[in-house]
Amino acid sequence: MDFNQAVQKVLDTDELFQTENVEIRGTIYKAFNKVPADLKELLKYGKKVREWEEFIVYEKEKISYLDFCNRVSKLSYFLQKEVGIKKGDKVAIAMRNYPEYLVILMAVASIGGIVVFVNAWWTTEEMEYGFDDSTARVCFADKERLATIKPFAKKKSIKLYSIRCLDDTEIEKYDDILKNFERIDLVDVDLKPDDDFAIMYTSGSTGRPKGVVLTHRGAITATFSWLMAERVGGLLADPEKRARRRASSILLLSPMFHVNGSHPNFFFSIARGSKIVLMYKWDPEKAIDIIRDEIITRITAVPTVVADLVQEAKEQKVSLDTLEFLGAGGAKRPAAQVGAEKRALPLADIASGYGMTETNALGLGISGDEYVEKPELAGRLYPPLQEIKIVDDNDVQLPNGQLGEICLKSPANMRCYFNKKKETDDVLKDGWMHTGDLGILDNEGLVTIVDRKKNIIIRGGENISCLEVEGALQKFSGVIESVVFSVPEKRFGEEVGACINMAAGAKDKDEEISSFLRDKLAHFKIPVHYWWVNRSLPRGATDKFDRIKIKELCLNNAWDVEDG
């Protein structure tokens, strides 16, 4: 049985994945018609498919699925009756991966609110922009994020609720909220599949992060597409591998404010009936212990984290034989790592996924022997709803084998960029999401990604806008011009490099300018490499900086000696 035959068998035998054509915002899509309609219905569905009594494990805390749903119910009631949250109102979450994050997310979504996923690594300046842009005026935050938000919270009338912050007596505590309510049923709200459920921020080529508006149907589409892919994989697996399978248990290693954390980890855990295990912060040595103690079967994280985990397993000489699936996404995994990871963890399926915040993380995937043999591949479409095409600069579809921009169409695509119509229209055309990535589609439906059209740097799964960093650099005294670009780096894939033209011959100010940027940019956006020149930086025919040439000159140390 090949892949397409396995897909057809699932469609023929499993009613859950049946489809129909629906019109969404004026465009016809193929959509599921038997899956939960929204995230509130997903909660109910999760009760029917539980493989574990335990649902969330965090250090010594263990929360059952029933207890989780009760907490969601209580917080839903509080938000609606006490805070006055109505359908369409925004509620921000700013914290590390605590169990409370999962409760708050589902409580807000269940009453028709819109979750604003705040990047926990943002500085105060970046946080203020996020709240201004999203218009969120209610926020649940942990101690570190409260310190970042407080400087502007009062003047913007932002109501704060604290998470695990016992020493702050001025802010109402999440734990006190739950204690004030008995168990109640979920608040009844008339949710529609195409209602918004989230604004999730992503950096692009236009400077400031853009708020990606995601719908309930989009999240459900992605979640059940991955679930179907798992069923397909089960048909293709050899009998010995199927016989070894255990109850599903997921170790969450991505921040929840990343689409990789919220969707293929958390939402998938509900639909799959999995246990989900959280960590206070990434520590590969502790992760090895958790995988053993909690019988972890599935990990999906950025390549940097996956590589750290595999290296730790090698050093400890452990095979992590409970792991069935080790997936990497958010950035391209170096091809050389694929075979090495398979040799280190021979019982696990080594996998890769390609998706975007704008597609609810749905897109391409590849795993198993096919990936080990061809690690340069990005994969094929997750079935059964997506369509793909490769287009030229005039948006004309190209034949298989030719290089062009990858475009994806499915109900998982975002509704829009929040309050950014032009930026939305630039990438979302007749239901097709123009990804900005250049690739080649072969006759078997397999895609190889060659390069990015977008001017962004991807460092360990974090998107970094070159223009945003350049804007911050320009505030440093003496900077005349600056151009930011990616610098190859073994562990994170890419780091931030900056070429700077300084006044009066100033140079070698690496530490001084990095210190200047620390309260303006998240740490991962601050350049690691600097090149200082005493002349105007090269420009192209349209008077824009010739970024490619500047990068080449810097990486090859080819600036003239008199230029510094």
Length gained when the stretch residue 1-residue 557 is fully extended (0.36 nm per residue, less Cα-Cα span):
194.8 nm
Would you mind getting me the FRET efficiency between residue 178 and residue 53? Use the beta-carbon distance for r and R0 = 25 Å, nearest 0.05.
0.75
Between (i) 53.8; (ii) 26.8; (iii) 37.4, which matches mean projected area of the Cα convex hull in nm² calculated for the structure shown?
(ii)
Unit charges on C-beta of K, R, D, E only; dipole of the chain, Debye
1000 debye
Theoretical ellipticity at 222 nm over the chain - DSSP helices of four or more residues, -39500 (n - 2.57) apiece, nearest 500
-9000 deg cm²/dmol
Give me the dipole magnitude in Debye, nearest 20, for segment 160-311 about the Cα centre, with unit charges on the beta carbon: positive for Lys and Arg, negative for Asp and Glu.
860 debye
Which of the GluC sites (Glu not before Pro) found in segment 45-135 are in a DSSP loop and have at most 13 neighbouring Cβ atoms, other than their own, within 10 Å?
51, 53, 59
Can you list the residues of segment 315-351 with backbone N under 16 Å from a point 7 Å past the Cα of residue 285, pointing along Cα to Cβ?
315-318
Quick one: Karplus J couplings for segment 131-143, per residue in order, coefficients 6.51, -1.76, 1.60, θ = phi - 60°, nearest Hz, x for Gly and Pro?
6, 4, 5, 7, 6, 5, 10, 10, 8, 9, 9, 8, 4
Label point 7 Å beyond Cα of residue 9 along Cβ direction - residues of segment 217-248 with amide nitrogen under 16 Å
228-243
Over 21 Å between C-alpha atoms is what I'm after, so list which of 90/159; 87/422; 475/520 land there.
87/422
Hand me the GluC sites (Glu not before Pro) from segment 347-445 located in a DSSP loop with no more than 15 other Cβ atoms within 10 Å, in residue order please.
376, 444
When Lys and Arg each count +1 and Asp and Glu each count -1, what net charge do the other residues less than 15 Å away from residue 23, Cβ to Cβ, add up to?
+3
Rank 548, 171 by accessible area, highest first, at a 1.4 Å probe radius?
548, 171
With all protein chains present, the chain has a carbon and sulfur share of its accessible area (1.4 Å probe) in percent of 47 percent
Long-range HN-HN contacts of residue 172 with modeled amide H, under 5 Å:
162
Mind running the shape call on segment 300-406? Use the C-alpha gyration tensor, a ≥ b ≥ c as the square roots of the eigenvalues: rounded below 1.5 for a/c, prolate if a/b tops b/c, oblate otherwise.
prolate
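The values are calculated or read from the model by the stated rules, or taken from the named source; none is laboratory data. Model, not experiment: these values are computed from the prediction. Note that each Cβ is placed from the backbone with ideal geometry, even for glycine, and that neighbours are counted across all protein chains shown. For accessibility, only protein heavy atoms count, side chains too; no ligands or nucleic acids. Shrake-Rupley method; radii C 1.70, N 1.55, O 1.52, S 1.80 Å.
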